[in-house]
Amino acid sequence: LIIERLGLLEHFLPRDGQYRNTKYHLKWCNFTSGAPIVSGLQSQQLDIGVLGDYPLLLSGIAPNISPAHSPSSRKYTTAGLSNTRLVSFVASNPDGSGNTIIVPHRSPLKSLEDLRDRSIAVPFSSSAHGMIIRTLARENLLDDVTLTSINKLNISQLTPRTATVDGYAYFAPLHEIANANGRFRRLMENYDLAELPTFHGIVVQDTLADRHPDIVVAYLKALLAAQHWYCSTPNAVSLVSEWVRLDPEIVAKTLKFSHSSTPGLFFPETTIRSDWIVEHIHQLQPIRGNQSLGKIDINSWIQPEFLETAIHSI
């Protein structure tokens, strides 16, 4: 969002050499969850995507590998589908609290065990989806809790009376919004549901990385500039809150702001943590429908050299 609002990508895009006569047409897309971004990258409708940990991993599965849980796996076609490359992290949440489960404020549910024979809504293929299936599998509850898919959740219009499920698994900042309006609360306070760091990263089409590496580097330069602006500009949170129409305190709680005493969930971070990625795969792969994650070629999928070039040339 900051890159778009400040016109940073336009500033860093290459305009010399083979790009001397290039006219760029930028189209910014906003999605409420990661699944359509993964689909857009693999179908070559998107060139660059910012994804949370679970959809980021799903984007790394080679398109010629049929998802085990896909109902159409026998008819699965890979014609025209693209592989991806992970080129940078964007932000990290070391204690894993960026995803959580919320329930109505007066709900009797107070523990994971209380979810047995209950229903939880979650955006499928989102980072929150990855969190809840890992958590339920760890507690041997995955077969005892009904997970239903939600594509879009407007928390400002959601009330306990209109809720059709017992709770929601979602990613930040939804739980901060829910807590602020007093209608919902975390299922468990001060409890690490995930037991894994969460993160967001930048994934690009492999064709873009191969044919136009300078454009990938330009985007990463724009990212670095955006993070510097956010961390060094006193009124950054105020501006971002206007852009996203959220309370400044919620913005500061979601992404750590150096000019605020409010502890943040996520911290600006570009270094790719391959150890976190490996551990996510290790915990997810045994879960039904996620076996294909084990076939991700980490060494070829993760390409930190684009970020290294951006850092040294900015």
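Read-outs throughout are calculated quantities, based only on the coordinates presented, and are distinct from any laboratory measurement. Here the structure is a predicted model, which is why all the values come from computation and not from measurement. Cβ placement follows ideal geometry from the backbone for every residue including glycine, while neighbour counts extend to all protein chains displayed.
Key figures for this structure:
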| quantity | calculated |
| --- | --- |
| Rounded FRET efficiency, nearest 0.05, which uses the C-beta distance separating Asn140 from Lys23 and R0 of 45 Å | 0.20 |
| Gain in span if fully extended, Asp247 to Ser149, counting 0.36 nm per residue against the direct Cα distance | 32.5 nm |
| 12 Å beta-carbon shell around Ser127, net charge (K/R +1, D/E -1) | 0 |
| Computed label-point distance, nm, for sites Glu305 and His282 using a 7 Å Cα→Cβ extension | 2.8 nm |
| Label-reachable residues, the range 224-245, where backbone N falls under 16 Å from a point 7 Å from Asn30's Cα toward its Cβ | 239-245 |
| Contour minus Cα-Cα distance for Thr233 and Thr271 (0.36 nm per residue) | 11.5 nm |
| Cleavage-rule hits, GluC sites (Glu not before Pro), the range 233-311, DSSP coil, Cβ neighbours within 10 Å at most 15 | none |
| Spatially proximal aspartates and glutamates relative to Lys221 (Cα-Cα < 17 Å; intrachain offsets below 8 disregarded) | Glu4, Glu10, Asp16, Asp47, Glu269, Glu305, Glu308 |
